[in-house]
Amino acid sequence: MTAFSRFTPLVSALPSTVPFVGPEAIGRQRGLVVKARIGANENGFGPAPSVLAVMREQADDIWKYSDPENYELKQALSAHLGTSSANIAIGGGVDELLGQIVRLVIDPGAPVVTSFGGYPTFNFHVAGFGGRLVTVPYAGDREDLGGLLDAVKHENAPLVYLANPDNPMGSWWDADSVISFARALPETTLLVLDEAYSETGPADALPPIASLIDLPNVIRTRTFSKAYGLAGARVGYAISTPGTALAFDKIRNHFGMNRLATAAALAAVNDQAYLREVVENIHAARERIAAIAKANGLAPLPSATNFVAIDAGRDGTYAKAIVDGLMQHGVFIRMPGVAPLNRCIRVSVGPAADMDLFESALPQVLKAID
Ligand SMILES: Cc1ncc(COP(=O)(O)O)c(C=O)c1O
């Protein structure tokens, strides 16, 4: 295909990949209809009725740009977290913030440490800014904190990524281990602690805000896409020292937030009772996925997220056959991308109807591919 001839050398050399092919694209490519959307770690329980009401009420104001300082949302989040609003930066989902963080830190060729098979969108941004990925294998289906620290030191890396709880395995480290890891890093290494699943894990998996807030080399990222049920709204936030948070202002799209999305996020923070209800639903659905897996002779892994990784007991080809077979039944799930993690399939929580479809399709698929 003919393209413009003066893209930067970096862009010219990049492959045209997407970190995740969406369920819509998979459905179009294969001529299938998705009936149970339980593959993208969205939250089929949806946002609070109070959130939807605010979005409807404020729809008429959509002709206005959103407040570029995101003042009210920052106020609400900082009150909720017990920080100052100066500790918060707002972005279009964690994914956008990850891109900004990489841009803030990475010169072409700079080493960036992450886990082998870890969250692909981070890697996508690293490639986009010319960084050089240095990957550390998982150990026992968890990100290997000691291995990550060694790689950081060995490479003198300016950036390291840790998702806690983790995607794609659903595993987690306790708060003390994460705090020790963060404090052991050189001051010249920025830790992106991606806490997209902060609301769904056990309480002891989440370092208290105060435990890391004094470290200028730590940015914690969180989202409204998971427990709050607002993936399509694209709102996330970063928590760091005020000085580090200010750096986002140098590069962010100041008028980039969607006004209705920001209003929705504000309403969501203010409805913690609904969040508690949803988190209970998520826990129950996790149990149900695990029970379905076991009933079919598969081994669910413990999860602190809104999905369950299920060890299918063989290799990546077999797991992929399950993923493809389920899609044939309209059940959209995903799987980790690399060995040995790709012996697993990954099933997101959803309402009972989605779980029913998964329950009825799985044994049929397993029988058909055996
Ligand atoms: C670890 C992790 N980080 C970030 C995201 C994306 O979050 P957002 O929707 O806020 O961009 C996901 C979504 O799957 C995730 O699993």
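The values are calculated or read from the model by the stated rules, or taken from the named source; none is laboratory data. All values derive from a computational prediction rather than experimental measurement. We place every Cβ from the backbone using ideal geometry, glycine too, and count neighbours over all the protein chains shown.
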*Among Ala263, Ala247, Ala273, which is free of Cβ contacts under 8 Å to residues at least 24 places away in the same chain and aliphatic (A, V, I, L, M)?*
Ala273
*Hits in region 106-159 (condition: in a strand (DSSP E or B), over 19 Å from the mean Cα position of the chain (by Cα) and among the small types (Gly, Ala, Ser))*: Ala139
*Can we say Ala264 is in contact with a helix residue (DSSP H, G or I) (Cβ under 9 Å, 6 or more places away or on another chain), among the small types (Gly, Ala, Ser) and farther than 30 Å from Gln58 by Cα?*
no
*Only one of (1) under 13 Å from Ile88 (Cα atoms); (2) in contact with a Lys or Arg (Cβ under 7 Å, 6 or more places away or on another chain) fails for Thr244. Which number is that?*
(2)
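Going by what's in this entry, would Arg6 be described as in a loop (DSSP other than H, G, I, E, B) and not aliphatic (A, V, I, L, M)? Talk me through it step by step, then tell me what you get.
Working: in a loop (DSSP other than H, G, I, E, B): yes; not aliphatic (A, V, I, L, M): yes.
When the stated conditions are applied, Arg6 passes them.
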*Selected residue (criterion: farthest from the chain's Cα centre (by Cα)) from residues of region 66-105 that are within 11 Å of the ligand (Cβ to nearest atom) and acidic (Asp, Glu)*: Glu96
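Given the options Gly229, Gly201, name the one that is at positive phi and out of contact with any His (no Cβ under 9 Å at 6 or more places or on another chain). Steps first, answer last, please.
On the way: Gly201 fails: at positive phi.
Answer to the check: Gly229.
Could you pull out the residue among Ala203, Ala247, Ala263 that is more than 16 Å from the ligand (Cβ to nearest atom), more than 13 Å from the chain's Cα centre (by Cα) and at pLDDT below 95? Let's see the steps before the verdict.
Details: Ala247 fails: at pLDDT below 95; Ala263 fails: at pLDDT below 95.
Checking each option against the conditions leaves just Ala203.
Working carefully through the options Ala203, Ala196, Ala231, Ala245, find the one that is closer than 20 Å to Leu104 by Cα and assigned by TED's automatic domain parsing to the domain that holds Thr262. I'd like the intermediate steps shown before the answer.
Values: Ala203 fails: closer than 20 Å to Leu104 by Cα; Ala196 fails: closer than 20 Å to Leu104 by Cα; Ala231 fails: closer than 20 Å to Leu104 by Cα.
Only one candidate passes the filter, namely Ala245.
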*Consider only pairs whose beta carbons are under 6 Å apart and that are at least six residues apart or on different chains; among these, list those whose first residue lies in region 178-190 and is assigned by TED's automatic domain parsing to the domain that holds Val102 and surrounded by 13 or more Cβ atoms within 10 Å (Cβ to Cβ) and whose second residue is hydroxyl-bearing (Ser, Thr, Tyr) and at pLDDT 95 or above.*
Ile179/Ser211
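Residues are listed down the side, and each one gets a yes or a no for (1) closer than 25 Å to Ser171 by Cα; (2) surrounded by 18 or more Cβ atoms within 10 Å (Cβ to Cβ); (3) hydroxyl-bearing (Ser, Thr, Tyr):
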{"residue": "Arg220", "(1), (2), (3)": "yes, yes, no"}
{"residue": "Met257", "(1), (2), (3)": "no, yes, no"}
{"residue": "Glu277", "(1), (2), (3)": "yes, no, no"}
{"residue": "Ile289", "(1), (2), (3)": "yes, yes, no"}
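For residues that are of a type in the set (A, V, I, L, M) and over 27 Å from Ala210 (Cβ atoms), scanning just region 231-244, find the one that is farthest from the ligand (Cβ to nearest atom). Explain how you work it out, then say what you get.
The initial filter retains those residues of region 231-244 that are of a type in the set (A, V, I, L, M), namely 231, 233, 235, 238-239.
Now drop any that are not over 27 Å from Ala210 (Cβ atoms), which leaves 231, 233.
Values: Ala231: 5, Ala233: 9 Å.
For region 231-244, the residue satisfying everything is Ala233.
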*Keeping to region 33-69, report how many residues are outside any helix (DSSP H, G or I) and touching a Phe, Trp or Tyr at 6+ places or on another chain (Cβ under 9 Å).*
14
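For region 260-274, state whether one or more residues are farther than 14 Å from Thr200 by Cα and part of a loop (DSSP other than H, G, I, E, B).
Of all residues in region 260-274, those farther than 14 Å from Thr200 by Cα come to 260-271, 273.
Those left that are additionally part of a loop (DSSP other than H, G, I, E, B): 270-271.
Within region 260-274 (the criterion being farther than 14 Å from Thr200 by Cα and part of a loop (DSSP other than H, G, I, E, B)), the answer is yes, since at least one residue qualifies.
May I ask you to verify whether Gly316 is in the same structural domain as Asp67 (by TED's automatic domain parsing) and without any contact (Cβ under 8 Å) to a residue 60 or more places away in the chain?
Working: in the same structural domain as Asp67 (by TED's automatic domain parsing): no; without any contact (Cβ under 8 Å) to a residue 60 or more places away in the chain: yes.
Judged against the criteria, Gly316 is not a match.
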